[in-house]
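The values are calculated or read from the model by the stated rules, or taken from the named source; none is laboratory data. From a predicted model like this one, the values you see are computed outputs, not experimental measurements. Quick reminder, even Gly has a Cβ in these numbers, built from the backbone with ideal geometry, and neighbours come from all protein chains shown. The area values use the complete protein model at the heavy-atom level, side chains included, leaving out ligands, DNA and RNA. Shrake-Rupley method; radii C 1.70, N 1.55, O 1.52, S 1.80 Å.
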Amino acid sequence: QVQLVESGGGLVQPGGSLRLSCAASGMMVSSYVMKWYRQTPGKQREWVAHIGTTGYPNYADSAKGRFTMSRDNAKNTVYLQMNSLKREDTAVYYCAAIRGSAAYWGQGTQVTVSS
């Protein structure tokens, strides 16, 4: 049974940093395209970043230069380091694992950027 568990969200001031984690079980993160999405109420889920089986990350324009996605195969976990956070980064962040027609999602973790 595949399970993705996000953690690391919380309340942070503008300009601050958070590191999100997505711990996987029942599958290997190195064998899937691992993605981070975010969603705010009333809006569609927005892709933030992904890291493929090659290990090279790609980012949405909104994340470039501020967010860094990484993967730890030994811990079977992916991370999203978020720096220089802005109020508009406030959202529920979701981790997803994609391979072919298979897609697994975590439950999400809330990130709130506010002073």
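Data overview
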item	result
Close pairs (7 angstrom Cβ cut-off, 6 or more residues apart or separate chains): under 15 Å from MET27 (Cβ atoms) and touching a residue at least 12 places away in the same chain (Cβ under 8 Å) in the range 51-78, surrounded by fewer than 13 Cβ atoms within 10 Å (Cβ to Cβ) and of a type in the set (S, T, N, Q) anywhere	THR53/SER31
Filter result (open to solvent by 60 Å² or more (accessible area, probe 1.4 Å) and more than 15 Å from TYR32 (Cα to Cα)) within the range 85-115	LYS86, ARG87, GLU88, GLN107, GLN110, SER115
Exclusive hit being over 12 Å from the mean Cα position of the chain (by Cα), surrounded by fewer than 13 Cβ atoms within 10 Å (Cβ to Cβ) and over 19 Å from GLY108 (Cβ atoms), set GLY65, GLY26, GLY42	GLY65
Close pairs from the range 84-95: first of a type in the set (Lys, Arg), partner buried (at least 16 other Cβ atoms within 10 Å of the Cβ) and in a strand (DSSP E or B), Cβ under 7 Å, at least 6 apart	LYS86/VAL113; ARG87/VAL113
Count - residues of the range 47-62 that are among the polar types (S, T, N, Q) and open to solvent by 80 Å² or more (accessible area, probe 1.4 Å)	2
